[in-house]
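Take a look at the structure set out below.
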């Protein structure tokens, strides 16, 4: 398995920085309540590349020979698990970016 540790952290940091910048630019503020959103986006962003790799691993027939004998026949479920993990990441990131991009009227 390739070492994705730098890339996964990089995608998480990129998502967190992008959310922070969007929040500051569009809403002109960054409060304590935004820290939870940034951490959620960071963790979900870190999950994007591994989930795509698991999906690829389940679909690539030449990699199926490296599976342990107890997992033989479950390749399609590995691909489905990777796809579900990717979908959960995207579904959790999208509303936070949408919320950050809405302009809040001054009080």
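What follows draws every value from the coordinates through simple rules; no lab data is involved. All figures in this text were calculated on a predicted structure; none of them were measured in a lab. Here Cβ is always computed from backbone atoms with ideal geometry, including for glycine, and neighbour counts include all displayed protein chains.
Nearest 10 degrees is fine. How inclined is helix 48-59 to the longest principal axis of the chain, computing both from alpha carbons? Helix 48-59 sits at roughly 20 degrees to that axis. When only Cα pairs under 8 Å and 6 or more residues apart are kept, what is the percent relative contact order across the chain? Relative CO of the chain lands at 35 percent. Relative to the dominant Cα principal axis of the chain, helix 33-46 is inclined by about 20°.
Its DSSP H runs of at least 4 residues, each contributing -39,500 (n - 2.57), put the calculated 222 nm mean residue ellipticity of the chain at -24500 deg cm²/dmol, to the nearest 500. Based on the Kirkwood approach, the hydrodynamic radius assigned to segment 30-107 is 14.6 Å, with every pair of different Cα atoms included. Taking the chain as a Gaussian network, Cα atoms linked when under 10 Å apart, which of 33, 44, 92 shows the biggest mean-square fluctuation? Looking only at 33, 44, 92, the largest GNM fluctuation is found for 33. Taking the Cα centroid of segment 19-39 and of segment 51-107, what is the distance between the two, rounded to the nearest whole Å? That distance is 25 Å. Compute the helix-to-body angle for 75-101: its Cα long axis versus the longest principal axis of the chain, expressed 0 to 90° and rounded to tens. Result, in degrees: 10.
Across segment 27-61, the residues whose backbone nitrogen lies under 18 Å from the label position 7 Å along the beta-carbon direction of residue 13 are 38-50.
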